[in-house]
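What follows is one structure encoded as structure tokens, with my remarks underneath.
The values are calculated or read from the model by the stated rules, or taken from the named source; none is laboratory data. Bear in mind that the values here come from a model prediction, so they are computed numbers and not experimental data. Cβ atoms come from the backbone with ideal geometry, glycine included; neighbour counts cover every protein chain shown.
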Amino acid sequence: MRSLAALSGALLLSAVPALSQGMIAATPPMGWNSWNHFAGRVTDADVRSAADTLVLTGMRDAGYTYVNVDDTWEGKRDAQGVLHTNERFPDMKALGDYIHSKGLKFGIYSSPGAKTCGGFEGSLGHEEQDAKMYAGWGVDYLKYDLCSFQDEMRKVKAEHPDEPDAANNLMIAAYRKMGDALKATGRPILYSLCQYGVDQPWKWGPGVGAQMWRTTDDIDDSYGRMIAIGFSQAGLSKYAGPGHWNDPDMLEIGNGKMTEEEYRTHMSLWVLLAAPLIAGNDLSKMTEADKNLLMNKEAIAIDQDVLGKQGDRLYQSGDFDVWTKPLSDGRIAVGLFNRSWDNRDVSVDLSEIGFRDGGRVRDVWRQKDLGRRTGVFTDTIPRHGVTLLIVSK
């Protein structure tokens, strides 16, 4: 079993401010995206309402600052190649100004292919032109979705059967082209790669100018899909850190098809993974339970910890998982997960995570100090549930 005892929290923490000063995404990005709930129906009014609600509910102050318009905002290109918006988005510059007036940041969506996932205009052959347009609109975030560029990759694969890397190299070059175009604008625009983990983007994403990259195919609002994605992140922790984050896709909390315990597992796993926290629900219809999950300050603090470490699996036994995440000041976040269909006891040996003489234990979701504990800590966890802890010296 893996030990975290060798961590030197104080030394690592002292280095972080110098490294992250002026950096885009020094901590995992947080915000809201239109796709999971509105999909192709999203309008200018929906996005403005989301911005308003982020402020009114306190989500902005909790850290959710990006307001991202996903696919289907695009219209047609004119004779000069300029891409215009469609009738649902009459003035994208005005929308960006409105979002900024709320103390929020503005995100947009495109594809390196000729078409987006929804069949709208992509950026193929117009990368510099589109990047300048985004900068002119005041865009702060670009989600760049592989989609139809896979057609280009298939062509290359067919034309060069003896070159197994040709298609992936073409993809990487396409992502680098937009990364260079964004950088050339002079505007700090967060660059989010949405390419479903193709060719291990955690290895090449930083080299094309990205701050985050999808590690898996799309999430949906189901417990099975959520845990399949979340637990598949084991082993990727070494590729994340300030300015570069693994992205297991957006949050489904509040969309209604999971139980409260399952959504709590979702949020716990994502914060342990130092994942971008991008809400994807109808913010105007949040329940108190939704708000408590999305805005739990202690959970968010685990995700946003200045040390910038992604958590990883400590061990797995059947339907039980224990994950840990190093935090600043020598603390460790611990997630005890019960994937079974019954209430079960799940344990962690504190000595195995660097606390041979014991430590103080805090239950994040109960918001309760559990006192000083030594040896094995055990909790009874409901089916599909989690206990999220912070252990400190």
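Being acidic (Asp, Glu) and assigned to a strand (DSSP E or B) is true for just one of Asp290, Asp305, Asp329, Asp345. Which residue is that? Answer to the check: Asp345. Return the pair list, or none, for Cβ contacts closer than 6 Å from residues in the stretch 63-81 that are free of Cβ contacts under 8 Å to residues at least 60 places away in the same chain to residues that are polar (S, T, N, Q), at least 6 apart or on different chains. Within 6 Å, the pairs are Val69/Ser34; Trp73/Thr85; Gly75/Thr85; Gly75/Asn86; Gly81/Gln129.
Of Leu19, Leu7, Leu54, Leu11, which residue is at pLDDT 95 or above and either in a helix (DSSP H, G or I) or not acidic (Asp, Glu) (or both)?
Numbers: Leu19 fails: at pLDDT 95 or above; Leu7 fails: at pLDDT 95 or above; Leu11 fails: at pLDDT 95 or above.
Answer to the selection: Leu54.
Among residues of the stretch 350-371 that are at positive phi, those with a Cβ under 7 angstrom from a residue that is surrounded by fewer than 20 Cβ atoms within 10 Å (Cβ to Cβ) and among the hydroxyl-bearing types (Ser, Thr, Tyr), sequence gap 6+ or separate chain, pair up as Gly354/Ser3; Gly358/Thr374. Among the residues of the stretch 23-51, those that are out of contact with any Ser or Thr (no Cβ under 7 Å at 6 or more places or on another chain), outside any helix (DSSP H, G or I) and not polar (S, T, N, Q) comprise Met23, Ile24, Ala25, Pro28, Pro29, Trp32.
Of all residues in the stretch 61-70, count the ones that are over 15 Å from the mean Cα position of the chain (by Cα) and buried (at least 23 other Cβ atoms within 10 Å of the Cβ). So that I can check it myself, show each step before the final result.
To start, the set of residues in the stretch 61-70 that are over 15 Å from the mean Cα position of the chain (by Cα) comprises 61-62, 69.
Narrowing the set further to residues that are buried (at least 23 other Cβ atoms within 10 Å of the Cβ) leaves 69.
Final tally of qualifying residues: 1.
Listed conditions (1) assigned to a loop (DSSP other than H, G, I, E, B); (2) crowded, with 17+ Cβ neighbours inside 10 Å; (3) free of Cβ contacts under 8 Å to residues at least 24 places away in the same chain are all met by Pro164, apart from (2).
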